[in-house]
1. Given the options Val42, His30, Tyr124, identify the residue whose Cα lies farthest towards the positive end of the charge dipole of the chain (+1 on Cβ of Lys, Arg; -1 on Cβ of Asp, Glu).
2. Dipole size in debye (nearest 20) for the stretch 62-122 around its Cα centre, Lys and Arg Cβ +1, Asp and Glu Cβ -1?
3. Describe numerically, in nm with one decimal, the distance between label points set 7 Å from Cα along Cα→Cβ at Tyr39 and at Asp81.
4. Suppose every K and R has +1 on its Cβ and every D and E has -1 on its Cβ; what is the size of the dipole of the chain about the Cα centre, in Debye to the nearest 20?
5. List the residues whose amide H sits under 5 Å from the amide H of Asp53, counting only those 5 or more places along or on another chain, with H placed 1.01 Å from N in the peptide plane.
6. From the helices alone, meaning DSSP H stretches of at least four residues, give me the mean residue ellipticity at 222 nm for the chain, per-run term -39500 (n - 2.57), in deg cm²/dmol to the nearest 500.
7. Mind listing the phi-derived Karplus ³J(HN,Hα) values for the stretch 89-100, rounded to whole Hz, using 6.51, -1.76 and 1.60 with θ = phi - 60°, and x for any glycine or proline?
8. Relative contact order for the stretch 1-120 using alpha-carbon pairs under 8 Å, separation at least 6, rounded to a whole percent?
Amino acid sequence: MWRNEGPRNDCIFVGTDPEANGMRAYSVAHVLAFFSFNYKGVTYPCAAVRWFDTIGNEPDDDTGMWMVQPAHSANNSPFFDVIHLDTIYRAAHLIPIYGTRFISPDIKSSNSYDAFRAFYVNKYADHHAFETAT
């Protein structure tokens, strides 16, 4: 809980392909927790994340933004992982793809990543995001 409200779990760009450019060089993940552990005298700073899969091979024609959806394993369970903090490039801003139905007033910032099936990767958030998500 943060200020008597739900958790504030941000999304991030994770460097996954150093040979690629723009959005193709990164994957998007939802940070669930930060933690560290010691092993043989070395501290490893980590994050527990839930991955997103990119929808399609190009940005959306209408918005110019890439689209992502929560990743699932072969048995359709969410795909979670633990990553080293050094692989995090920067924060990512996701916008839900709303559809045509009314949005429930029960949807809050703390549960919106579970309430929608797909999201736009907002490259218009700032000029760094524009460079990253192009």
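FYI, it's all coordinate maths here, none of it is from the lab. Here the structure is a predicted model, which means the values were calculated and not measured. Note: ideal-geometry Cβ built from the backbone for every residue, glycine included; neighbour counts use all protein chains shown.
1. Val42
2. Details: 4 positive and 5 negative charges, 31 e Å.
My answer is approximately 160 debye.
3. 1.6
4. Details: 10 positive and 15 negative charges, 100 e Å.
In total the dipole reaches around 480 debye.
5. Under 5 Å from the amide H of Asp53: Gln69, Ala71.
6. Values: 2 runs with 10 residues, N = 134.
My calculation for the chain gives -1500 deg cm²/dmol from helical runs alone.
7. Those phi angles translate into 8, 5, 6, 10, 10, 10, 10, x, 8, 6, x, 10 Hz.
8. Numbers: 204 pairs, mean separation 31.4, N = 120.
Computed value for the stretch 1-120: 26 percent relative contact order.
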